[in-house]
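For reference, the structure is listed below as structure tokens.
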């Protein structure tokens, strides 16, 4: 199975207030965490990632994927094209808060390859790492790296996705936070 990234111009970042079926995605790496009053499943997919976070009947699903990926419209709380830099926040029932900051950063080739190598090195020791096949145009394929930090009342997810054909890096930081 070939695992090549979509074009960076096709990417979207979305948040849902509902579950999404994992079968909608081509999942390469998964981690599940349970801490305090919440649980989360973090997935690296062929197009980016999706995180399913649950707390007392509330479900939030964060998705970084291709705009061409068929996803439902129902209970979609946020939807942005991945361009430039953006931050947002959603207050949910029960005092739960979700915050996100993401950016698409085009870089020079030498900066890109240095960053990609650093991600690969760090990913071998920490977090979740997925190496993708080369597209044919570039000798090396893309990487996805996700670092997860859990606290009793919060989950912090840092994701990095590289796009060698475009010399671009997608970075996101998400915080799922319980009321204090």
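The values are calculated or read from the model by the stated rules, or taken from the named source; none is laboratory data. These numbers come from a predicted model, not from an experiment. Note: ideal-geometry Cβ built from the backbone for every residue, glycine included; neighbour counts use all protein chains shown.
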Problem set entry | Meets criteria (touching a residue at least 40 places away in the same chain (Cβ under 8 Å) and under 13 Å from the mean Cα position of the chain (by Cα)) for residue 51 | yes
For this session: Check residue 131 against each of (1) under 20 Å from residue 37 (Cα atoms); (2) under 17 Å from the mean Cα position of the chain (by Cα); (3) free of Cβ contacts under 8 Å to residues at least 40 places away in the same chain and name the one condition it does not meet.
Result: (1)
Exercise. For segment 57-70, does any single residue satisfy the condition of being more than 21 Å from residue 163 (Cβ to Cβ), touching a residue at least 24 places away in the same chain (Cβ under 8 Å), crowded, with 18+ Cβ neighbours inside 10 Å and more than 16 Å from the chain's Cα centre (by Cα)?
Worked result: no
Exercise. Of the residues that sit in segment 39-56 and are touching a strand residue (DSSP E or B) at 6+ places or on another chain (Cβ under 7 Å) and farther than 24 Å from residue 130 by Cα, which one is surrounded by the fewest Cβ atoms within 10 Å (Cβ to Cβ)?
Worked result: 54
Seminar exercise, completed: Out of (1) more than 26 Å from residue 167 (Cβ to Cβ); (2) surrounded by 14 or more Cβ atoms within 10 Å (Cβ to Cβ), the one residue 36 does not meet is (2)
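Just for segment 123-178: of the residues that are out of contact with any strand residue (DSSP E or B) (no Cβ under 8 Å at 6 or more places or on another chain) and part of a loop (DSSP other than H, G, I, E, B), which one is nearest to residue 29 (Cα to Cα)?
Once the filter is applied, the top-ranked residue is 133.
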For this session: Filter segment 121-144 down to residues that are surrounded by fewer than 16 Cβ atoms within 10 Å (Cβ to Cβ), more than 21 Å from residue 7 (Cα to Cα) and modelled with pLDDT of 80 or more, then give me how many there are.
Result: 4
